[in-house]
Every structure is written in structure tokens, then in C-alpha cells.
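Only one structure is covered here, and it is reproduced in the block below.
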Amino acid sequence: MIKYELKCRKDHVFEGWFQDSATYDSQAAAGKIACPVCNSRKISKAPMAPSIGRSKSAQAADEVKQKAVMMKALRELRDHVEKSADYVGDKFAEEARKIHYGEADERNIYGETSKDEAEALAEEGIDVAMIPWVPRGDA
């Protein structure tokens, strides 16, 4: 596995893990990598510092901190989505298409759909992002 720091066209920086550099290259060329902030698919590698070995306990402590930061960010993202978008349940793909093709009022929506359906929406030029829906508490 290889980890890259990635940057979108709006300068949002995030990391991505790939099986190898060829996997990154093919996914980037196919537009399969999206910025988790703005969903941009124009992604490039950001400059990275080399990884320097550290003790296992220091690495474990960093991983716990990183997980806590990520979970907090995902909870905040969930709150934002729930406050600023309409929940459409399992009719997400259908409603996204209606909005995209002008058959329904334009608005932000969220709901459930399959990975294949999300990819089909993206291929149609419909902006879609799959977000891990974390629980509200620390459970």
C-alpha cells in the first residue's frame, strides 16, 4: 500500500491510500478520485515529507488522535448535511436525476444509493459524493 497527499483544483489537501502508484495513476486518469470537501475530480499529488520511522507506541497514539479528529469532522459534516439538505431516502438516485434534468426544484439532497448507482450518476455529470455516515455518539 502507498499513501499520497492529494490536492484538488481548489487546493483542498487530503490523503489517499492505493495498492501501488499505477493504481493511483489509473484511478486519477479515470476521474475516480474525488475531493472529500468539494467533490472535484481534478486531483494531483501534493508535496509530501518522507516518512521517518517512530516507535510503535507513538504511532498508535497518533492513530488514535487521527481517528478522533476524523470522527469529529465526519460528525460535523453529517450535522451540516442534515441541516442544509433534504433527506430523500432510497430515492436518492431518482431524485438527483430529476433535479439534474430540471424535472424537480433544484436543492441539496441526501439519501442512500448503491456504489454502482452513484458511479452512474457521476458518469451522467451529476455531482454526487458518498460520505461515511458515522453515528452521532462515541459508540
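Just a few scattered comments:
- With the simple model of a label 7 Å out from the Cα in the direction of the Cβ, residue 11 to residue 39 spans 2.4 nm.
- In the elastic network of the chain, a GNM with C-alpha springs shorter than 10 Å, the most mobile of 127, 25, 62 is 62.
- Spin-label pair residue 32-residue 130: with each label point 7 Å from Cα along the Cα-Cβ axis, the two points sit 1.1 nm from one another.
- Each of 23, 113 has some number of other Cβ atoms within 10 Å of its Cβ, and from fewest to most they run 23, 113.
- Long hydrophobic helices in the chain, taken as whole DSSP H segments with a C-alpha length of 18 Å or more on their own axis and mean Kyte-Doolittle hydropathy at least -1.0: 56-84.
- Shape category assigned to the chain from the gyration tensor of Cα positions, a/c cut at 1.5: oblate
- Overall shape of segment 90-139 was characterised from the C-alpha gyration tensor. The equivalent ellipsoid obtained from it has semi-axes of 23, 13, 8 Å, in decreasing order.
- Between 26, 57, 40, the residue with the greatest mean-square fluctuation in the GNM of the chain (Cα pairs under 10 Å linked by springs) is 57.
We did not get these values from a lab; they are worked out from the coordinates using the rules stated. These numbers were taken from a predicted model, which means no experiment stands behind them. Glycine also receives a Cβ, built like all others from the backbone with ideal geometry; neighbour counts cover every protein chain displayed.
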